[in-house]
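Enquirer: Before we start, here is the structure in question, set down as structure tokens.
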Amino acid sequence: MLDLRFIKENIDLVKSAIVTKNITFDLDKLLELDKVVLHHKKLVEALQAERNANAKKVPSAPPEEKAQLIQRGKEIAKEIDELKPALEEAEKKVQELLYRIPNIPSQDAPVGADESFNVEVKKWGTPPEFSFKPLSHIELLQKNNWGELERIGQIAGSRSYALKNDLVQIELALLQFALDKAKKHGFQLISMPSMVKEAPLYGTGHFPDGRDQVYFIESDNIYLSGTAEVPINSLHSGEILSEKDLPLLYGGFSTCFRREAGSAGRDVKGLIRVHQFYKVEMYILCKNSAEESAKFHQKLLEIAEEILQDLEIPYRVVECCTGDMGLGKFRMFDVESWVPSEGKYRETHSCSSLHDWQARRTNLRYRDADGVVQFCHTLNNTAIATPRILVPLLENHQQADGSVKIPEKLKHYL
């Protein structure tokens, strides 16, 4: 969320962000509603001032005037009560629009409408050349009795899965490997609930426009989160931290749920796009500094690359363009792993910097060295998401007999 004063002082900049992020948003409507709010506030304030002045006159007023003053006080109170609903309604509409306004993207971010404008910035590793016909991850699961896809679909519906035998242990090994990696880089490990209230989803920016992606348990008025970022981002909501306590680095582990609405017909087979999965998410809360944000953004990206290098999976890094980075992102990189059966790279890690856009929504603040209260900056990155990472892991390391070679740095966990 952007500060309303900033918006009014930088109208052209905000309008440019709306265009480059390919967002449909009526900024003029927001500005007009803000004028309505200010108008009603002035009326209320003027009436309150009159009521206070009127009340001060009552004790010393002659009897004949006292009754008139008391009557006028009642009339003023009624006028204020009549104005309040319109003021509250206008304020509510302004808040709703503020939730939908995009962050200002970095000047270094490529400009474009969709993922076709993303820019490749790096490649690592060479896609394997097999002396045999390679199998897809689905075929490897079937050949090695590593999963149940069709049977489990009858039980839990489409895009569900069940891993079996060695693959269960490999999945757990990957998660432990990612947790150890996060801990090694200074992150506090924390297991997070999958169930969250509505406010944290507004805080991260998943709401109001992403409701169709989130499972809702109506009887308990609770939602199933798609990432540990959601509860972690609200962990310090409403507090005023000290600058010396920053940065806060969290390595969050959770079960995640996503409806994947709107993706019908895409990636519906196998382990790529499922409704329930596990993820280790890296989250950083730092001071309000563009330089510090950039430093931590680079750190997160390097950790994601280090993980894939340790797993010996060829990958590429792409910088996401303005139209593909999402509403709240300042700058965003995706790391895409090579999938031999498809002959292309697929996103397995997403690394984002949001500056204070989330912090303003969640009320994440700290007191700086000069005693000034400021909003924090937030960043996040995928360490490991399973079962998706199993797709490139199995396919890139498969052998002619259908077995899979375990990367050296993962063997310790098996």
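The values are calculated or read from the model by the stated rules, or taken from the named source; none is laboratory data. Just so you know, these numbers come straight off a predicted model, no measurement behind them. No Cβ is skipped: glycine too gets one built from the backbone with ideal geometry, and neighbour counts run over all protein chains shown.
Yes/no matrix, rows are residues, columns are (1) polar (S, T, N, Q); (2) under 22 Å from THR255 (Cα atoms):
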position	(1), (2)
VAL119	no, no
THR126	yes, no
PHE130	no, no
ILE152	no, yes
ALA156	no, yes
LEU163	no, yes
GLU171	no, yes
ASP180	no, yes
GLY186	no, no
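Enquirer: Step by step: first the residues of region 47-73, then only those that are of a type outside the set (Gly, Ala, Ser) and outside any helix (DSSP H, G or I), then the one that is nearest to LEU87 (Cα to Cα). Which residue is that? First the steps, then the outcome.
Expert: Looking only at region 47-73, we keep the residues that are of a type outside the set (Gly, Ala, Ser), and these are 47-48, 50-52, 54, 56-59, 62-66, 68-72.
Right, trim to outside any helix (DSSP H, G or I) and you get 58-59, 62.
Values: VAL58: 29, PRO59: 32, PRO62: 36 Å.
The qualifying residue nearest to LEU87 (Cα to Cα) is VAL58.
Enquirer: If you don't mind, another one. Can you tell me which residue within region 110-129, out of those that are under 30 Å from GLU312 (Cα atoms) and in contact with a Gly (Cβ under 9 Å, 6 or more places away or on another chain), is surrounded by the most Cβ atoms within 10 Å (Cβ to Cβ)? Full working, then the answer.
Expert: Pass one, region 110-129, residues under 30 Å from GLU312 (Cα atoms): 110, 114-129.
Filter again for in contact with a Gly (Cβ under 9 Å, 6 or more places away or on another chain), leaving 114-115, 117-119, 127.
Values: ASP114: 10, GLU115: 14, PHE117: 16, ASN118: 20, VAL119: 13, PRO127: 14.
Result: ASN118.
Enquirer: Consider only pairs whose beta carbons are under 7 Å apart and that are at least six residues apart or on different chains; among these, list those whose first residue lies in region 4-16 and is farther than 12 Å from LEU31 by Cβ and whose second residue is modelled with pLDDT of 95 or more.
Expert: So the pair list comes out as LEU13/ILE104.
Enquirer: Please report, ordered by residue number, the helices (runs of 4 or more DSSP H) entirely within region 110-201 with at least 3 residues that are touching a Phe, Trp or Tyr at 6+ places or on another chain (Cβ under 8 Å) and farther than 19 Å from ARG346 by Cβ.
Expert: Hits in region 110-201: 166-184.
Residue-wise test of (1) in a strand (DSSP E or B); (2) of a type in the set (A, V, I, L, M, F, W, C).
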position: THR227; (1), (2): no, no
position: PRO231; (1), (2): no, no
position: LYS244; (1), (2): no, no
position: LEU249; (1), (2): yes, yes
position: GLY252; (1), (2): yes, no
position: THR255; (1), (2): yes, no
position: GLU260; (1), (2): no, no
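Enquirer: Select, from GLU292, GLU312, GLU305, the only residue that is touching a residue at least 40 places away in the same chain (Cβ under 8 Å), acidic (Asp, Glu) and in a loop (DSSP other than H, G, I, E, B). Don't jump to the end; show me each part of the working.
Expert: On the way: GLU292 fails: in a loop (DSSP other than H, G, I, E, B); GLU305 fails: in a loop (DSSP other than H, G, I, E, B).
After ruling out the rest, the residue left standing is GLU312.
Enquirer: Given the criterion surrounded by 14 or more Cβ atoms within 10 Å (Cβ to Cβ), on the phi < 0 side of the Ramachandran plot and free of Cβ contacts under 8 Å to residues at least 12 places away in the same chain, identify the matching residue among GLN107, GLN142, GLN154.
Expert: Details: GLN107 fails: surrounded by 14 or more Cβ atoms within 10 Å (Cβ to Cβ); GLN154 fails: surrounded by 14 or more Cβ atoms within 10 Å (Cβ to Cβ).
The conditions single out GLN142.
Enquirer: Take region 311-332 and flag every residue that is in contact with a His (Cβ under 8 Å, 6 or more places away or on another chain) and surrounded by 21 or more Cβ atoms within 10 Å (Cβ to Cβ). Before you say what the answer is, go through the steps one by one.
Expert: Initial filter on region 311-332 (in contact with a His (Cβ under 8 Å, 6 or more places away or on another chain)): 312, 330-331.
Answer for region 311-332, where residues must be in contact with a His (Cβ under 8 Å, 6 or more places away or on another chain) and surrounded by 21 or more Cβ atoms within 10 Å (Cβ to Cβ): PHE330, ARG331.
Enquirer: So, one more: Tell me the residue from HIS185, HIS236 that is over 19 Å from TYR278 (Cα atoms), buried (at least 17 other Cβ atoms within 10 Å of the Cβ) and not aliphatic (A, V, I, L, M), please.
Expert: HIS236
Enquirer: Right, something else. Pairs under 6 Å by beta carbon, first residue closer than 12 Å to ILE170 by Cβ in region 387-413, partner modelled with pLDDT under 95, six or more apart or different chains?
Expert: PRO387/LEU271; LEU390/LEU271
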